[in-house]
1. Compute the distance from the alpha-carbon center of the stretch B:79-154 to that of the stretch B:262-309, in whole Å.
2. Based on other C-beta atoms within 10 Å, arrange B:HIS164, B:HIS59, A:HIS125 from fewest to most.
3. Just need the relative contact order of the stretch B:1-193 here, percent rounded to a whole number, with Cα pairs under 8 Å and 6+ apart.
4. Restrict the search to the stretch B:217-293; then list the chymotrypsin sites (Phe, Trp or Tyr not before Pro) that DSSP places in a loop and that have at most 14 other Cβ atoms within 10 Å of their Cβ.
5. Averaging sequence separations of C-alpha pairs under 8 Å and six or more residues apart, then dividing by the length of chain A, give the relative contact order as a whole percent.
6. Rank the residues A:GLU288, A:GLU255 as a footprinting-exposure proxy: fewest other Cβ atoms within 10 Å of their Cβ go first.
7. Eigenvalues of the Cα gyration tensor times 5, then square-rooted: what semi-axes does that give for the stretch B:1-193, in whole angstrom, largest first?
8. Rank these for me by crowding, B:ARG409, A:ARG227, B:ARG71, going from fewest to most other beta carbons within 10 Å.
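Read-outs: derived from the displayed coordinates by stated rules, not from any lab. Owing to the predicted nature of the structure, the values given are computational and were not obtained by experimental measurement. All Cβ positions, glycine included, derive from the backbone under ideal geometry; neighbour counts span all protein chains shown.
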Amino acid sequence: MSKASPILVGLEIGTSKICAAIGEETERGEFTLLGIGQARSHGVRKGEVVDREKAQEDVRSALGNAEEQAQVTIRNLFLGVTGRHIEGFNNVGMHPVASDDRLVTAQDVADAAENAKAITLPAEHTILHTIRQRICVDGVEVADNPAGRLGRKVEAHVHVIHGNALRIQNSMQLVQSLSIEVNQPVFNGLANAQAVLTPEDKENGALVIDIGGGATEFVLQQGQAIRQSGVFAIGGDHVSNDIALGLKISMGMAERLKIRHGSAVVGAGSRGQSVPLGENDVGIPSREISLEQLHRIMSVRLQELFELVAERCAEGCLLDEARAGVFLSGGSSLIPGIDTLAQRIFRLPVTRATCRNIAGNSATLAHPEFATAIGIARYGGMRLRNRPRQRFSLRDVFPFLR
Amino acid sequence: MNDAAIRFLAVGHAGARILDALRRRSPGALECAHADTSPESLRTSPIDRRLTLGLSVSHGLGAGGDPDIGRLSAEADLASIREFTQGARMVFVVAGLGGGTGSGAAPVVARAARESGALVLVIATTPFEFERRRVQFAQESLERLRNAADAVLAISNQRVRRMHDDRTHPHELYQFANELLAQTLQGLWRLLDSPGLIPIEFAHIERLLRGRHAESAFAAVQATGGNRAHAAAEQLLTHPFLDTGAALASAREVLIGVAGGDDLQIGEVEHLVETLQARCPSADFVVGASIDPSLTGHLHVTAITTRAPAQAAAARVGSGFGGGEVPTPQAAKVRSAESGGTTAPFGGEDFLQAPEQRTVADPRLIPPPPELSMEQRQRILSRQRSRPSSRGRTDSQMVMNFDIAQRGRFDNTERNRHKGVDLDVPTYLRLGIVLN
């Protein structure tokens with residue numbers, strides 16, 4: 001039951017499923033997945049809990065499954081959060097070098113980073129993550145530690161991810177009510193990137209798009225820095241909903257149709273084709289659905305989603321920095337043709353993401369649906385590992401809501 | 001209306017900034033002057049004609065934030081102000097209230113201009129809510145201005161603030177406010193000064209504004225592109241200075257000034273006015289259109305509305321305040337709460353609806369003209385007759401009917417708004433793709 005290294009647990013309360021990942025990490029940061037537990041999610045819409053009791057039940061069963069598989073007892077975990085209230089933006093903090101000899105000290109750098117967080121957030125919002133992008137002394141970018149240089153002014157460029165404190169606390173409380181402690185809330189998109197990107201990908205710059213059931217998170221990471229991030233409350237649910245409304249069928253049928261016959265692009269092959277909707281409750285074969293229409297409904301929705309992401313990343317020409325390309329993750333990344341569609345919009349190489357640099361059951365790791373939960377656990381490990389020397393880390397400087 | 005000599009007089013530093021913004025918008029020869037107590041401010045003034053106020057009072061130190069010094073300074077140099085306003089048919093007094101010069105001198109300047117026979121319009125900004133003391137100065141000054149000028153159009157910085165998010169740079173905010181006021185000033189000026197396609201009689205504006213400032217609201221918008229008439233109408237109907245259109249819905253008289261380049265079409269003017277008329281069926285419309293070749297491709301629309309007096313009277317009588325009392329911020333808060341009107345105590349609405357209280361405490365103030373009290377009486381009478389005050393507002397509520405689009409599974413969830421569209425509504429519906 002007890003292990004030498006700390007057990008890392010990541011929990012994702014998703015719209016279509018709730019997923020818990022248990023892993024452990026060696027001193028050098030090698031991550032091993034020990035177990036995955038999942039449960040169908042009933043109380044979540046667009047990434048946010050709407051029915052507490054159902055969600056609580058589902059979380060309990062997902063955690064139970066994971067505990068069983070990994071043979072451990074979960075006492076605390078890192079909780080993934082998402083929702084359209086979460087937003088990321090870039091900010092610069094400045095600090096004049098006060099000493100007479102103009103020698104930059106570590107304190108100056110820390111103060112500049114602190115100043116970067118002195119921003120006015122929307123009411124009730126709190127900072128989830130502050131990620132340092134680069135440090136400049138007198139406008140010149142310097143290596144990670146500028147202490148000892150001479151200069152007048154230190155600038156810290158950071159990426160700040162913030163969200164509505166009450167909504168984040170809501171999901172934290174849901175876990176706490178099961179007598180499990182939440183170490184820290186983690187933005188799902190950030191966690192996802194930690195699971196699917198290799199160090200080389202990060203160095204080249206990569207855009208990770210996690211299309212979940214109810215929300216899509218995107219993170220543009222370059223090196224250790226996050227250049228852009230955000231959430232759109234659009235996901236696989238919206239695709240199914242569009243199909244249900246457009247073809248006038250039930251949500252369940254739409255979901256089945258999406259999985260069995262769906263495609264993100266309208267190909268020549270689908271023209272004039274039709275598929276039977278299947279038998280209805282009384283066993284009478286029902287009408288046929290035009291494949292072209294199905295694909296068109298899905299295509300325009302996903303295209304719009306990618307365009308929204310592309311628009312956000314186009315601010316400041318950030319897409320050019322994603323040289324490793326676009327990584328698609330999440331359940332909806334399994335839709336056939338989605339890579340072609342993404343390629344058409346981003347004009348970058350597109351990869352369907354799998355969890356990498358992680359040891360464990362390879363069949364599980366190949367599933368993009370689990371990437372977020374695994375990423376959360378992995379991010380937790382990075383947090384714990386880097387706590388004493390925060391300089392090199394993706395770090396949070398704010399203790400959250402304490 | 002070319003014979004109407006229109007002059008602009010900035011009082012104080014803030015006034016000069018607004019006037020400068022106006023000058024940059026319309027590089028033609030504007031007759032303008034900058035009156036200030038501070039020689040320093042005058043020295044750096046962007047305006048050529050400068051009137052120094054109260055050198056003998058403040059000895060060149062400026063008003064120092066004291067409205068009394070501002071007032072005394074202006075009174076000491078009334079002659080130079082009269083000299084500037086002499087012979088003008090219309091004088092725009094532009095001031096930022098709250099400081100010493102703006103709050104103190106502007107009412108005196110306005111009065112002097114009016115005494116020289118001009119129609120006096122005051123364009124003023126009032127401070128942010130957090131500038132407590134300045135807010136009080138501004139409020140007192142506004143009361144005096146209302147007695148002294150023919151019309152007062154006041155915009156609260158706080159109101160402008162609400163149109164921006166927290167990250168806005170203060171400079172940007174002030175610039176925005178200045179531009180907004182300059183745009184409106186330009187609109188009014190153009191209305192009176194440009195060759196009219198459909199001319200507006202000077203008397204119309206005069207009749208509309210004289211003694212009515214308590215209920216006036218105003219806005220100026222501009223639009224370009226093929227659908228500009230429609231876009232301009234939309235902007236006006238949602239303009240924050242017009243209470244997001246509520247001022248139009250409850251308007252009794254609406255004056256619309258349309259200015260465009262050589263490509264202005266009468267159809268556009270027609271469409272614009274018809275769109276606005278649909279929203280305020282009970283209002284009288286006065287429409288003017290003018291041509292300025294430099295505006296080719298653009299459409300500028302200025303709207304001045306006056307409310308039905310019943311509402312303003314209800315707002316005033318509901319407060320139960322004595323006539324001589326100078327409203328404090330707290331009092332104003334109570335008043336706006338009682339009248340059930342506005343959310344923010346010192347937003348522009350409040351200034352626009354504020355009653356014309358006579359400040360008898362100050363002997364320097366000339367008693368208000370008799371027609372004002374007549375109107376007050378009329379308003380109280382009309383209030384007693386009937387109070388169908390919110391009829392106009394219900395009309396504007398009925399239009400909000402956008403729930404036709406289907407959201408299916410997301411029917412009961414928070415709307416997923418992004419740049420004005422609800423992302424929960426199927427994309428194919430929003431794109432208008434037909435499924436057969």
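1. Cα centroid of the stretch B:79-154 versus Cα centroid of the stretch B:262-309: 28 Å apart.
2. On the way: B:HIS164 14, B:HIS59 8, A:HIS125 18.
Result, fewest neighbours first: B:HIS59, B:HIS164, A:HIS125.
3. On the way: 405 pairs, mean separation 43.0, N = 193.
22 percent.
4. Values: sites: B:PHE218, B:PHE241, B:PHE285; in loops: none.
When the chymotrypsin sites (Phe, Trp or Tyr not before Pro) of the stretch B:217-293 are filtered for loop state and at most 14 Cβ neighbours within 10 Å, nothing remains.
5. On the way: 936 pairs, mean separation 80.0, N = 402.
Rounded, it is 20 percent for chain A.
6. On the way: A:GLU288 11, A:GLU255 20.
Fewest to most other Cβ atoms nearby, the residues stand as A:GLU288, A:GLU255.
7. Details: eigenvalues 103, 86, 46 Å².
Ellipsoid half-lengths, sorted descending, are 23, 21, 15 Å.
8. Values: B:ARG409 19, A:ARG227 23, B:ARG71 27.
By the 10 Å Cβ count, ascending, the order reads B:ARG409, A:ARG227, B:ARG71.
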